[in-house]
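The next block holds one structure in the form of structure tokens; read it before the comments.
The values are calculated or read from the model by the stated rules, or taken from the named source; none is laboratory data. Please read all numbers here as calculations on a predicted model, not as lab measurements. Here the Cβ positions follow ideal geometry from the backbone for every residue, glycine too, while neighbour counts run over all protein chains shown. Protein only, heavy atoms only, side chains kept; ligands, DNA and RNA dropped before computing areas. Shrake-Rupley method; radii C 1.70, N 1.55, O 1.52, S 1.80 Å.
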Amino acid sequence: MVFRVTQNLSYESAQQQVQGAYSRLYTSQLLVARGKRISKPSDDPNAISRLLDFKNRHGELQRYSQNASQGRAFVDSAAASLQEASTLIQQAREAVIQGLNGTLSASDHDTVATAVDGFLQDLISLANSKVGARFVFGGTATDQPPYELVRDASGQERVVYHGDDGRIVSEVGPSLSFETNIPGGEIFRHGARGATSYSGVTGVRAGLGTDNGVGVDELIARHGATALSGGSGLALGASSTTADTILGSHVIDIDAVAGTIALDGGPAQSFTGTETDYVLKGTDGELVHLDLTGLSAGFQGQVTATGMGDLSIDGGRTWTAISFSSNDRVVDSLNGSTLNVDTSAIRRAGTDSVSYGGTLDIFSALVAIRDGLRNADSTSDVGAALNRVRSYLDEFDAGHNRLLEGLSELGSLSSRLESAESRVDDLDVRLQELISKTEDVDISEAVIQMQQNETAYQSALLVTSRVNQLSLMNYL
Amino acid sequence: MFGFDTGLSALSAARLAIETVGNNLANATTPGYSRNRVLTATGTPTLVGRFYQGGGVRVAAVDRVTDDLLVTRVREQSQEVERRNVILDTLLGVEAAFGEPSTSGLSAQLGSMFDSLSSLATAPEDISLRKGVVLNAAATAEQFRRIRSDVGDTLGGVRSLIKDTTADINRITESIAAINTELAKTQGFQGGTPNALLDRQGQLLDELAQYVDISVTDAGAGRVNVQIGGQMVVNYNASREVSAQTGEDGEVDILLEGSDYPLDIRSGKLKGFLELSETGVGERVRDLDALANALILNVNRVHSTGVPAGGGFEVLRSHYPVQDQDGDGSLGDELIGSAGLPFEIQDGRLWVSIVDEASGAVSQTRIDIDPQAQTVADLVQSLNAVSGLNASLDATGRLSLAADPGSRFHFGGILTSDLAGNGSLGSSQASLATAAGGPFNLSAGASFDISVDGGANQTITFSAAQFADISSATAEEVAAAINGSLVGAQAEVVGDRLVIRSASSGATSGLSITDGSGSPAAALGLATGPAAGQDNPVAVTISGEYSGDMDERVFFQPVGDGTIGLTPGLQIQAVNAQGKVLAVLDVGPGYSPGDPLEVVDGIKVAFGAGAVSASTNEYAFLDAFADGDDSDVLAAFGINSFFVGTSAEDIEVADDLRADSSMLAGALGPAASDNRNVVRLLALRDAGLGELGDLSAQEYYSGIVADVGQTTSRAQLNYETEVLLRDSFENRLESVRGVSVDEELAALQRHEQAYQAAARYISAINEVTQVLFNL
């Protein structure tokens, strides 16, 4: 059967053709106008989840880049503070070197000590630097000044660290996290613990075992009682208990014939034999008080004087009896630290200053230097005191080196952050290319497509108008 | 005058034909009109003489030209198009609700939320960054609710459309039944076909077919019976109504009047609506709810064990109320595992930390959680028992927690401040221990001699009766067996291992074992000594916050004998329960007793001065817990939660956080820049969530969007295909039944000429007759 074509059919089909052509034209117009191939999930369901993923990663990468640059700002400002601190430390060092010049007077020492104190304060305020509201050197405790100068119970000034050893970790790339700070505790730290040294006043030496005190301390050796070996008629003087300084066993050489007496082979002192509280002096300040009235006549020989006593490292709060062995353990009742002392060669009572090797951080070194300079002139041996200050200067230099290490670590952190940032930026550029490839329209292709659709629409209109003009009516 | 009769019949036939053409032309554009055609036949011939003479023409019928098969196919195809159209319209609505891809859609918003967390990690104490996280999370929650509400509205719309559709179906079936009645009447009076009624009937059937798949059976006299899903809805003159019912599960059923059994609808608009309500839209709603639910649970799990700014909470209130499940009017007696809380509680433990504000000291209490045995009141009691914490359950079923003045509480940062147990490491008593936990293979009658404090040997003999299975003796059984006869010393099980300690302490205390028959000491791995105590025990101090992923029991055991800080080469090993060495700590010269040493994952240990011994198997151990709450009890109650709600419909950032962003628990410890919990939260960005089939939230959401796109694009394609098919059937039908104006004009010419010819014929007859009359 021949397919009948009715007017309705031709109208409807024309309408469909025109509608279809116009709809295609409209779609391609939209495509060109928007520039985006995907404006809703059904435009390309296979690409949509990839596209969402790309876009999210784009957001992530931007965040990484910002994190890295913020981290870098933090690190750089920490580095700037350290740079300044390093300059300050050099100036302080020069001042101290001047202060150690042997020709200076007591008041000059004082002036230098005051200058050192100023440097100390400046250094503390640098260690308390802030970026915005955050303290840079406090670890993760960024809300309080990390360093504070306090006077402890024994009257010693110390710089206390209130920060922690936490690192602030920032995401700066996919599965890439960097630390963006170095806690002050690692920069202004003390070095590896070394041997404990003593100023040598009493004759104590470092014992076995590791001490756990920090910085400098004072070990007080006090005299308790003196005992004399018998046979000579020699007795203790009236003020022996209170004023003797000998500790351990000492030899007294007596020549009653010549009327001389000497301690530990030291210079001979003369006596008459009637003294009841004779002061026998050793070469290093050892003192024994003797009653010579009972001395056997014509005695020529040796008497052993043994001084017993106690040790304290907490300013005399607690005392440990001296055992004259290789290891006496003295505990600081204030902070619980233990000092291992070799007391086998202890000679006299007195105060030894103890320095825990390697444990002086740069602040304690400055404090020790300042106090050393201030007190040098009140000690019996100014030269020795200044030498001790010089040894603190070594610790000070070591502290400076550690600070410089921190500075270089910050520098490398900064450059790592910078390279992470640029790597992330590179990634982002590539990702954006991918996004564009996925969702953007190829404009030239889309325009050509639109022109084709336009032509098709025009043809549809033309054909429709032509066909609809035809009717049998025109010919009847 | 048969000549006139013939002419007259031709005239009237031609007139009728012309009128039919007129009617056809008049209805040329009437939708559904089938052109009419006059069918003529020769009239009955009459015998004239010996010949039959033709009886003229008679109109046999005015026929509707149509193709019933095509009509049916068009009808079926229209149903399909309608169904596809409904699906497409709705899915386009759903797609628009998701509004992806865009810079403000849920995908971008989820990304922003995690980005703001990433930003917060760089400066956790920054209040504006904290605010940023809360605002971004709130925007995420809002997007969830908006999409859920838009899609939900669409679902509601579909459901109300179902109701409207059933009303339409009822209207149509009623009309068809009415036409049936009319047809019965017309049929009774005359033989002619009531084409107008049949056209109307066809239109109604077409309309009905768009709504639902129908099967039509001829009921005689042009009447039809209609079935939907195998059930008669039009039966001659009667129709039965259908109605929609939404079940509790959200599924919609179509019920026939007087029946409880749902109709099986297979196609048509109604099927489209039903399908949408069940899968197309309903599934998206379920997916979104599942995503929101998983996000809430997982974020809250991490957040609830974090520490807020300021190092702890003063007051917290749970978000999800406990429900009175057994209806006895009391809330406290509900088991926490079935108290109507939205998330499941597991067997596990909860660590409560109380922080002293002045000293910063932290004390931790462990609460064991058993959801099947513990009631809400038990939990409140356990919390209350924590010193410094007050817990109560209010009348609405919410749990309130408050710290004593001067202290704060939190559930995070497992600070292992105390040893779980010091078996014997550097203790003041003499001790001998086993190197590992049981079970031990002992033999009956085995014995060893033990001397306490240098005293006489005591013989310990093991008998089978002391053990459930002597070849697999537990440490507890061995300890009991030893304690049964040992004087002056005590056997204990500490951290699974067996340790024998002298009752006396100090340098004079001592223990020594001589293994006897059956070598039980060797079987136990028990050190034989001799062991001595010491005057000053080694102080072991644990500090730090464990940051590992798994719970770990760490044993500290010396390698070699010696004195801490003194003996060259002295080391203490940290070993986990599986025997893996986690760290080797140098505690010889150079170690200052009391200095904390890094063990693993944030745990630090310090050893005081004193002697330790490997030859007596000295050890201490600690338990480190990876999660402050592995029971999810906090998330289930909504204590210190980040999000509240249970689905996409009601997800929201917790009020506490919105009011005060310092409540954001981004830390695990008290330090201001502690970002460890932020980092844990951040890890959720890419973490596969078990609730989502190990997909990350972002991946799951992308999946939903891809599904939406896939479904919509398929629906679009289906719709277009079905429209093409329908158009092609319609065109063919139109080709058969449509009015061609040209054709009609030609017919008009033809019939006009026939009329003229008939008139001429009559006039010829007339002339012939006239001639006759004039004869």
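A few remarks follow.
- Between the stretch A:270-314 and the stretch B:442-494, the Cα center-to-center distance that results, in Å: 64 Å
- Of the solvent-accessible surface of chain B, computed with a 1.4 Å probe over protein heavy atoms with every protein chain present, carbon and sulfur atoms account for 50 percent.
- Cα gyration tensor of the stretch B:182-266 - equivalent ellipsoid semi-axes, whole Å, descending: 31, 13, 9
- Using 0.36 nm per residue and subtracting the Cα-Cα separation, the extra length available between B:ALA465 and B:LEU597 on full extension is 42.9 nm.
- Considering only alpha-carbon pairs that sit under 8 angstrom and 6 or more positions apart, the relative contact order computed for the stretch B:429-624 is 23 percent.
- Inter-centroid distance (Cα atoms) of the stretch B:529-553 relative to the stretch B:617-680, Å: 28 Å
- The overall shape of the stretch B:429-624, judged from the alpha-carbon gyration tensor, is oblate: a/c is not under 1.5, and a/b is no greater than b/c.
- Assigned charges on the beta-carbon of Lys, Arg, Asp, Glu; the stretch A:196-357 dipole about Cα centre (debye): 120 debye
- Accessible surface for the protein assembly as shown, divided over its residues, is 44 Å² per residue with a 1.4 Å probe.
- Size descriptors for chain A, from the alpha-carbon set: Rg then Dmax equal 45.3, 179 Å.
- Helical segments meeting 27 Å axial Cα length and Kyte-Doolittle 0.0 threshold in chain B (DSSP H): B:2-26
- Whole-percent pair-distance distribution, where bins are 10 Å wide, for the alpha carbons of the protein assembly as shown: 2, 7, 10, 12, 12, 12, 10, 8, 6, 5, 4, 4, 3, 2, 2, 1, 1, 0, 0, 0, 0, 0
- Residues along the stretch B:645-684 losing 20 Å² or more of accessible surface when the other protein chains are present rather than the chain by itself (probe 1.4 Å): B:ALA671, B:ALA672, B:SER673, B:ASN675, B:LEU682
- Minimum 10 Å² accessible area buried by the other protein chains, the stretch B:599-626 residues, probe 1.4 Å, relative to alone: B:LYS604, B:ALA609
- Sulfur and carbon atoms: percent of accessible area, the stretch A:196-357 [1.4 Å]: 51 percent
- Compared with its chain on its own, the stretch A:16-55 contains the following residues whose accessible area drops by 50 Å² or more in the full protein assembly (probe 1.4 Å; ligands, DNA and RNA excluded): A:GLN16, A:PRO41, A:SER42, A:PRO45, A:LEU52.
- Sequence-distant contacts, meaning Cα pairs under 8 Å at least 6 residues apart, place the relative contact order of chain B at 18 percent.
- Helix content alone sets the calculated 222 nm mean residue ellipticity of chain A: runs of n ≥ 4 DSSP H residues at -39500 (n - 2.57) each, divided across all residues, give -16000 deg cm²/dmol.
- Spin-label pair A:SER125/A:SER249, simplified geometry with 7 Å Cα→Cβ offset, distance in nm: 6.1 nm
- Chain B: calculated mean residue ellipticity at 222 nm from DSSP helix runs of at least 4, using -39500 (n - 2.57): -13000 deg cm²/dmol
- Cα gyration tensor shape of the stretch B:431-479, rounded if a/c is under 1.5, else prolate or oblate by comparing a/b with b/c: oblate
- The modelled label-to-label distance between B:ARG760 and B:GLN346, using points 7 Å beyond Cα along the C-beta direction, is 10.5 nm.
- Across the stretch A:196-357, the relative contact order, built from alpha-carbon pairs under 8 Å that are at least six residues apart, equals 39 percent.
- The interface between chain A and chain B buries about 4400 Å² of solvent-accessible area in total (1.4 Å probe, ligands and nucleic acids excluded).
- With a cut-off of 17 Å on the backbone N, the residues of the stretch B:642-673 near the modelled label site 7 Å out from B:GLU314 along Cα-Cβ are B:656-657, B:659-664.
- Computed E for A:ARG205/A:SER408 - FRET, C-beta separation, R0 35 angstrom, nearest 0.05: 0.40
- Angle between chain A longest axis and helix A:7-34 axis [Cα atoms, degrees, rounded to 10]: 30 degrees
- Rough spin-label spacing in nm, given labels placed 7 Å along Cα→Cβ, for A:ARG317 and B:THR508: 3.2 nm
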